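Below is one structure; the comments refer to it alone.
The values are calculated or read from the model by the stated rules, or taken from the named source; none is laboratory data. It should be emphasised that the depicted structure is a prediction, and the values quoted were computed from it without experimental measurement. Cβ coordinates were reconstructed from backbone atoms using ideal geometry, including for glycine residues, and neighbour counts include every protein chain displayed.
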Amino acid sequence: METLRSGSKWRHKNGCDYLVIGLANEATLSEANYPVTVIYQGDNGLIWARPLSTWKDSFTECEEEFEVVEPNGVRENKNMATTASQKR
């Protein structure tokens, strides 16, 4: 399976859209104990995690991309970079 991109938008089979934040456990030496996991966020702000191995069973990629909010409050997508306070 190809690597997911942070900031990519995916639609769950239930119809809700989610933003991929990143992957956890990418450097694991024991995938049986620590599987590579997709960390993603719903439109409602809730954070979720799902094993990468089962990701495409429930999700399809959307064409558009979301803005990614970095921990320092900077919002970025492929066309812009502004601070969170500038967006309000």
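Quick notes on this structure:
- For the residues Lys13, Lys9, the requirement of being touching a strand residue (DSSP E or B) at 6+ places or on another chain (Cβ under 7 Å) and charged (D, E, K, R) singles out Lys9.
- Cβ separations smaller than 9 Å between residues 6+ apart or across chains give the following pairs from region 18-45 residues that are on the phi > 0 side of the Ramachandran plot to residues that are among the acidic types (Asp, Glu) and modelled with pLDDT under 95: Asn25/Glu31.
- Listed by position, the strands (runs of 3 or more DSSP E) contained in the chain that have at least 2 residues being modelled with pLDDT of 60 or more are 8-12, 17-24, 37-42, 47-51, 59-65.
- Residue pairs meeting the criteria (Cβ under 7 Å; at least 6 apart or on separate chains; first touching a residue at least 12 places away in the same chain (Cβ under 8 Å), in region 3-16; second of a type outside the set (Val, Ile, Thr) and part of a loop (DSSP other than H, G, I, E, B)): Gly7/Phe66; Lys9/Phe66; Cys16/Asp43
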